[in-house]
Amino acid sequence: MGEIKVETCEIEGLKIITPVVHGDERGYFYESYHYEEYKKAGISEIFVQDNQSSGRRGVLRGLHFQKQFPQGKLVRVIRGEVFDVAVDLRKDSATFGKWYGVVLSEENKRQFFVPKHFAHGYLVLSEYAEFCYKCTDFYHPGDDGGILYNDPAIGIQWPIPEDMDLIMIERDQKWEGLEAFRSSL
């Protein structure tokens, strides 16, 4: 019953997944994850931890990664809408430092697969959003890394309207840029 549509991105490894949604007068049903279907689509990672977060309009989380225990992530939105971003941090990649963004929402039910060695973040576009993600490794306190969300060397085009106030924790406003990360490799 699974049925998924998988789009590749210009950055190798990133994938956008759109499930087939079955609806009738009762509502809808879809498989949000099926190992065999995802494996056929080239996503054979084993996910060991599920996380969920929420935020109101203007919340920007990221750009995060784990240094010694990198995580691949399969992310989706179950309520509201976010602009989700991945930045390639693979040191030998032809697309190192490049970013890709996609709108995820409860309406489009899209998922975004972000492999290991990418920084990840998102901006809440709706009044409120709930964000779910599967991870290929556990969270390891003290292993956090980050890249500054507005580093001009990356040039992410966040869809921030003039009337939106960003809501961020102090840490996310103080990460260093891509060049500092590159020099630490």
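The values are calculated or read from the model by the stated rules, or taken from the named source; none is laboratory data. Predicted model, so just to flag it, every value in this text is computed and none were measured. Quick reminder, even Gly has a Cβ in these numbers, built from the backbone with ideal geometry, and neighbours come from all protein chains shown. Please note that ligands, DNA and RNA were not included when accessible areas were found on the heavy atoms of the full protein model with its side chains. Shrake-Rupley method; radii C 1.70, N 1.55, O 1.52, S 1.80 Å.
For segment 1-57, which fully contained strands (runs of 3 or more DSSP E) count at least 2 residues that are on the phi < 0 side of the Ramachandran plot and surrounded by fewer than 17 Cβ atoms within 10 Å (Cβ to Cβ)? Walk me through it before giving the result.
Working: elements: 4-8, 15-19, 22-24, 27-29, 49-56.
Strands (runs of 3 or more DSSP E) meeting the threshold: 4-8, 22-24, 27-29, 49-56.
So which of R171, R182 is within 16 Å of F65 (Cα to Cα), at pLDDT below 95 and open to solvent by 40 Å² or more (accessible area, probe 1.4 Å)? Full working, then the answer.
Details: R171 fails: at pLDDT below 95.
On inspection, the qualifying residue turns out to be R182.
Kindly provide the set of residues from segment 145-172 that are touching a strand residue (DSSP E or B) at 6+ places or on another chain (Cβ under 9 Å) and closer than 10 Å to L63 by Cα, ordered by number. Explain how you work it out, then say what you get.
Within segment 145-172, the first condition is being touching a strand residue (DSSP E or B) at 6+ places or on another chain (Cβ under 9 Å), and the residues that meet it are 145-149, 151, 154-160, 164, 166-169, 171-172.
Across segment 145-172, the qualifying residues are G145, G146, I147, L148, Y149, D172.
Checking P141 against (1) at pLDDT 95 or above; (2) open to solvent by 30 Å² or more (accessible area, probe 1.4 Å): exactly one of these is not met. Which one?
So the condition that P141 fails would be (1).
If G121 satisfies all but one of (1) open to solvent by less than 70 Å² (accessible area, probe 1.4 Å); (2) more than 18 Å from I11 (Cβ to Cβ); (3) not aromatic (F, W, Y), what's the number of the condition it fails?
Unmet condition: (2).
Only one of A94, A129, A153 is open to solvent by 70 Å² or more (accessible area, probe 1.4 Å) and either among the hydrophobic types (A, V, I, L, M, F, W, C) or touching a residue at least 60 places away in the same chain (Cβ under 8 Å) (or both); which? Break it down stepwise before answering.
On the way: A129 fails: open to solvent by 70 Å² or more (accessible area, probe 1.4 Å); A153 fails: open to solvent by 70 Å² or more (accessible area, probe 1.4 Å).
Checking each option against the conditions leaves just A94.
The conditions are (1) in contact with a Pro (Cβ under 9 Å, 6 or more places away or on another chain); (2) at pLDDT below 95, and G23 fails exactly one of them. Which is it?
Going through (1) in contact with a Pro (Cβ under 9 Å, 6 or more places away or on another chain); (2) at pLDDT below 95 one by one, G23 breaks only (1).
Give just the number: which of (1) in contact with an Asp or Glu (Cβ under 7 Å, 6 or more places away or on another chain); (2) within 21 Å of T8 (Cα to Cα); (3) of a type in the set (G, A, S); (4) outside any strand (DSSP E or B) does G101 not satisfy?
Among (1) in contact with an Asp or Glu (Cβ under 7 Å, 6 or more places away or on another chain); (2) within 21 Å of T8 (Cα to Cα); (3) of a type in the set (G, A, S); (4) outside any strand (DSSP E or B), G101 violates only (4).
Would you confirm whether or not segment 97-105 contains a residue that is modelled with pLDDT of 95 or more, touching a Ser or Thr at 6+ places or on another chain (Cβ under 7 Å) and either open to solvent by less than 60 Å² (accessible area, probe 1.4 Å) or charged (D, E, K, R) (or both)? Don't jump to the end; show me each part of the working.
Initially, segment 97-105 is screened for residues modelled with pLDDT of 95 or more, giving 97-105.
Applying the additional criterion that residues be touching a Ser or Thr at 6+ places or on another chain (Cβ under 7 Å) yields none.
Taking every residue of segment 97-105 in turn, none turns out to be modelled with pLDDT of 95 or more, touching a Ser or Thr at 6+ places or on another chain (Cβ under 7 Å) and either open to solvent by less than 60 Å² (accessible area, probe 1.4 Å) or charged (D, E, K, R) (or both).
Return a yes/no flag: does segment 78-89 have any residue that is in contact with a strand residue (DSSP E or B) (Cβ under 9 Å, 6 or more places away or on another chain), more than 20 Å from S53 (Cβ to Cβ) and either part of a strand (DSSP E or B) or without any contact (Cβ under 8 Å) to a residue 40 or more places away in the chain (or both). Please lay out each step first, then the result.
Of segment 78-89, the ones in contact with a strand residue (DSSP E or B) (Cβ under 9 Å, 6 or more places away or on another chain) are 78-89.
Now narrow it down to the ones that are more than 20 Å from S53 (Cβ to Cβ): 88-89.
Add one more test, that the residue is either part of a strand (DSSP E or B) or without any contact (Cβ under 8 Å) to a residue 40 or more places away in the chain (or both), and what stays is 88.
Yes - at least one qualifying residue is present in segment 78-89.
Please name all residue pairs, on different chains or six or more residues apart, with Cβ atoms under 6 Å, provided the first residue is in segment 51-74 and is under 11 Å from V114 (Cβ atoms) and the second residue is open to solvent by 30 Å² or more (accessible area, probe 1.4 Å) and of a type in the set (K, R).
P70/K116; G72/K116; L74/K134
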